[in-house]
Amino acid sequence: MSTNFFKKIILFVAVCYIPLQSMAWGTNGHRICGQIADSYLTPKARIAIQAILGNESIAITSNWADFIKSDPAYSYLYNWHFIDMDKAYTYPELQVYLKADTAVDSYTKMNFLIAELKKKTTTKTNKLLYLRMLIHIVEDVHQPFHTGHTSDKGGNDFKVQWFGKDSNLHSVWDSQLIDNQQLSYTEYATWINHTTAAQRAALQKDPISQWLFESNQLAEKFYADIKPGDNLNYKYNFSHIAILNQQLLKAGVRLAGVLNQIFG
């Protein structure tokens, strides 16, 4: 085979690999959140969302924002996925911080997206982009290390071992804990999606600042629990899976609440 052929193969693999290195919640994690959110949509919101997404479900569209990271035309969206916090904030401190926040980050962009999707003048093209991004970012900020430290890129540079293989703290929480359960995203959503109406109402009443506070508190705890180079395995899975599942469930329930508020 020609040298050019092999170059094309290498380029194709590289392009496919790039977005996988920078995802928040892995593919399954995002789909689990989307599947849960879908189960709590109002009929009116479901119709409005289908008119925008067409045949693409919330679960499937929730990964779009990661898949397009390899396209330079969308590079401006990179900072929308996270908000760095370099210390453990008290809730009042975080509220003050967010009130003054004018950066391009997940907090400011979620507020922007919600406002734009509520407008009747937003174009169909922008509605599709904004809805895809909102779905993704609401899910993202429930992954604790999307409120992680700037110094280690939200845990990406916090190197650890996962069952003896090189990894990092961000990847462990993005996908490795989830994938270790060996369930499809629909099986996983069915496993953890158990809430009462009262519980859903309480979660959906929480402001975005509360979501970020919870994730920040968890991130700081997880940073302190281990040290770089530690080998995380069965014990880490056992002691953290309940918190992981709680965050996935909260993301799905709260996403449904936001979408119902916009479209319902």
Original post:
Filter the range 107-137 for residues that are among the β-branched types (Val, Ile, Thr) and assigned to a helix (DSSP H, G or I); which is nearest to the chain's Cα centre (by Cα)?
Top reply: ILE137
Subject >> Every residue from the range 57-96 that is among the β-branched types (Val, Ile, Thr), closer than 19 Å to LEU212 by Cα and within 20 Å of the chain's Cα centre (by Cα) >> reply: ILE83
Original post:
Among the residues of the range 168-227, which ones are within 30 Å of ILE262 (Cβ to Cβ) and among the small types (Gly, Ala, Ser)?
Top reply: SER175, SER184, ALA189, ALA197, ALA198, ALA201, ALA202, SER209, SER215, ALA219
Original post:
Does the range 97-106 contain at least one residue that is β-branched (Val, Ile, Thr), farther than 20 Å from PRO144 by Cβ and under 19 Å from the mean Cα position of the chain (by Cα)?
Top reply: yes
**OP:** Scan the range 65-93 for residues that are crowded, with 20+ Cβ neighbours inside 10 Å and hydrophobic (A, V, I, L, M, F, W, C) and report the count.
**Re:** 5
Original post:
Which helices (runs of 4 or more DSSP H) sit wholly inside the range 158-264 and have at least 1 residues that are touching a strand residue (DSSP E or B) at 6+ places or on another chain (Cβ under 9 Å) and either of a type outside the set (Lys, Arg) or farther than 30 Å from ALA48 by Cα (or both)?
Top reply: 234-263
**OP:** State which residue is surrounded by the fewest Cβ atoms within 10 Å (Cβ to Cβ) when the search covers only the range 208-264 and only residues that are acidic (Asp, Glu) and more than 20 Å from the chain's Cα centre (by Cα).
**Re:** ASP225
**OP:** Only residues that are surrounded by 15 or more Cβ atoms within 10 Å (Cβ to Cβ), over 30 Å from LYS87 (Cβ atoms) and of a type outside the set (A, V, I, L, M, F, W, C): list them for the range 182-207, please.
**Re:** TYR185, TYR188, THR190, ASN193, THR195, ARG200
**OP:** Quick one: count up the residues across the range 207-242 that are more than 21 Å from SER62 (Cα to Cα) and in contact with a helix residue (DSSP H, G or I) (Cβ under 7 Å, 6 or more places away or on another chain).
**Re:** 10
Original post:
In this structure, is LYS127 within 25 Å of ALA59 (Cβ to Cβ) and surrounded by fewer than 17 Cβ atoms within 10 Å (Cβ to Cβ)?
Top reply: no
Subject >> Residue among LEU77, LEU134 that alone is under 16 Å from ALA251 (Cβ atoms) and in contact (Cβ under 8 Å) with a residue 24 or more places away in the chain >> reply: LEU134
Subject >> Only one of ALA73, ALA37, ALA59 that is at pLDDT 95 or above and more than 26 Å from ALA201 (Cα to Cα) >> reply: ALA73
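The values are calculated or read from the model by the stated rules, or taken from the named source; none is laboratory data. None of these values were measured; they are calculated from a predicted model. All Cβ positions, glycine included, derive from the backbone under ideal geometry; neighbour counts span all protein chains shown.
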